[in-house]
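Notes for the one structure printed next.
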Amino acid sequence: MANGNSKILTAEQEMQLRKPIDDYVGGIQDKIDSLRADGTDKIVALQGMMDDTKRDRTLTKGEKDNRIAALRGELEKAKAVEAKNKGEISKLISDAENYLKAHFDKEYYQPVVESCAQEKAAAKEKYQRKVQELDKEHQQNMSKLSDHQEVKDEKYVYRNRLFDAKMELQKDLQQIKDRKHAAYTWKYHLIDLLRMSKFTFMETRAQKWENYKYTFNRRDFLLRNGLYIAIVLIFIVLCIITPIIKGSPLLTYNNVLNILQQASPRMFLALGVAALILLAGTDLSIGRMVGMGMTTATIIMHQGINTGGVFGHIFDFTSVPAAAKVILALVMCVLFCTFFTTIAGFFTAKFKMHPFISTMANMLVIFGLVTYATKGVSFGAIEPTIPNMIIPKINGFPTIILWAIAAIAIVWFIWNKTTFGKNLYAVGGNPEAASVSGISVFAVTVGAFVLAGILYGFGSWLECLRMVGSGSAAYGQGWEMDAIAACVVGGVSFTGGIGKISGVVVGVFIFTALTYSLTILGIDTNLQFVFSGIIILVAVTLDCLKYVQKK
């Protein structure tokens, strides 16, 4: 130990504590390495040589076959050696691991932890003494000064010295943190060598938790999660006051299912616009897309002959089978929505038009056409048997939720596992760099709009089934704000190239649950808009702060 009763370790003392462990486990590691030399190590080398031979274009097919055959012969011998030494290697690994369990924490890691705790306390005491010294010196200097400029200069120097002292403290604390983290990870470094990077589930979780604690930053954490924490607190308050005001709990099984059911069609819309926001764009026409899709689906799946017409023509689908109506309604919803989003995408990509303008034009055109064609009337209900065919409730569970889950899975796969998804992030992050690297910005932009149109079509079709019709041009008004807000709250950044599907899902649930909760409490719809506006403002503010911090 360092001095008297102090448990602060010097670097040399720490190495002395670790030396017996390194010697014992290192000796076992040397034995294992020698056993692996003609077995496992040789297998890895031979497999690499076989892969290189297969890719070697300077060799003829016959030469490749001969070399690969020779390498396979050596590979079989190496595998035989590996199998022969497997039992002995396992015993050696077990011996080393048992030694680590018995000695590492007790004889090395815990003394280091105690040392770091005392070092941390000593660093803070040193900082406090420095602050007191600076304060005393500052007061003495101030008492000697009378000139305004000199006083101002002294205060400036004093603040700079305080800042330097604080930076010195932060440096010391970081060094202590690094030392403790290095001591913790040394055990896993030894296990990594013993097992060739094979860890158990619990060991992997332990390392991830340690890395999280090591890299944790309070300011970054609050920037990323502050809004979610605030919303959770709001929900807790709502859950407390709802039974008091309404006499019934808020978080019941039925209420949760109702929230998920309402969120399902909106999930399609949010997933659609999320890709456009990822490209640093947006879509103002979502609500009108929903109105167009609802109207189209209601007309096709209407119960009996339609009472209203389209450009004066009355449609009659009564002779069409129910299943055919459902499919036709879905196809038409997707076609109409995709047609208009493709137009917006073309103008955005071809003429570098901001999506705000191209989608606003779409919004006006769609609303004008649908309202003019239908005279703005509502087309009533669809056949009541159709929703039970497509989104039945099984033991009270609304299967419409499964449609949303499927959409989430598909879009997640597109974003994360396809070339288009990777290009989407690249173009959103830096379109110029993406273009230079060979990515077609035009194709990616139009593709994102097409994907959005398909999702809008599905979403409006599902909403029609959920509401059993009632399609009109005015339906869906304001839904674009909900979809965009859900994405922003979920962390899809308007700066482009940043966002996850999980964030979009969370954002949709947050807004749907908040609206549902406030409605149960009887809060006026106009005040609900106020809540939504505040949440959006806070979410975008946090997003801007994160962007500024990265810059």
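The values are calculated or read from the model by the stated rules, or taken from the named source; none is laboratory data. Because the structure is a prediction, the values reported are computed rather than measured. Virtual Cβ from ideal backbone geometry, glycine too; neighbours counted across all protein chains shown.
The set of residues in region 245-273 that are modelled with pLDDT of 90 or more, among the aliphatic types (A, V, I, L, M) and over 25 Å from the mean Cα position of the chain (by Cα) is empty. Suppose we filter GLY281, GLY272 for residues that are assigned to a helix (DSSP H, G or I) and of a type in the set (Gly, Ala, Ser); which single one remains? Testing whether each residue is assigned to a helix (DSSP H, G or I) and of a type in the set (Gly, Ala, Ser) leaves just GLY272. Comparison of ALA183, ALA83, ALA122, ALA102 shows that the only residue that is in contact (Cβ under 8 Å) with a residue 60 or more places away in the chain and out of contact with any helix residue (DSSP H, G or I) (no Cβ under 8 Å at 6 or more places or on another chain) is ALA122.
From the set of residues in region 80-119 that are closer than 14 Å to THR10 by Cα and charged (D, E, K, R), which is surrounded by the fewest Cβ atoms within 10 Å (Cβ to Cβ)? The selected residue is GLU114. Of all the numbered requirements in (1) at pLDDT 95 or above; (2) among the aliphatic types (A, V, I, L, M); (3) out of contact with any helix residue (DSSP H, G or I) (no Cβ under 9 Å at 6 or more places or on another chain), ILE305 misses one, and that requirement is (1). On the basis of being of a type in the set (A, V, I, L, M), surrounded by 12 or more Cβ atoms within 10 Å (Cβ to Cβ), touching a helix residue (DSSP H, G or I) at 6+ places or on another chain (Cβ under 8 Å) and closer than 30 Å to PHE397 by Cβ, does LEU190 make the cut? So LEU190 does not fit the description; no. THR242 meets the conditions (1) at positive phi; (2) assigned to a helix (DSSP H, G or I); (3) of a type in the set (S, T, N, Q) in every case but one. The failed one is (1).
Checked against (1) farther than 17 Å from MET196 by Cα; (2) assigned to a helix (DSSP H, G or I); (3) in contact (Cβ under 8 Å) with a residue 12 or more places away in the chain; (4) not aromatic (Phe, Trp, Tyr), LEU9 meets all criteria but (2). For the residues GLU432, GLU383, the requirement of being among the charged types (D, E, K, R), in the same structural domain as PHE336 (by TED's automatic domain parsing) and touching a helix residue (DSSP H, G or I) at 6+ places or on another chain (Cβ under 8 Å) singles out GLU383.
Within region 220-240, one or more residues are in contact with a Pro (Cβ under 8 Å, 6 or more places away or on another chain) and over 30 Å from PHE346 (Cβ atoms). THR60 meets each of the listed conditions (1) farther than 28 Å from ASP22 by Cβ; (2) among the polar types (S, T, N, Q); (3) surrounded by 12 or more Cβ atoms within 10 Å (Cβ to Cβ) apart from (3).
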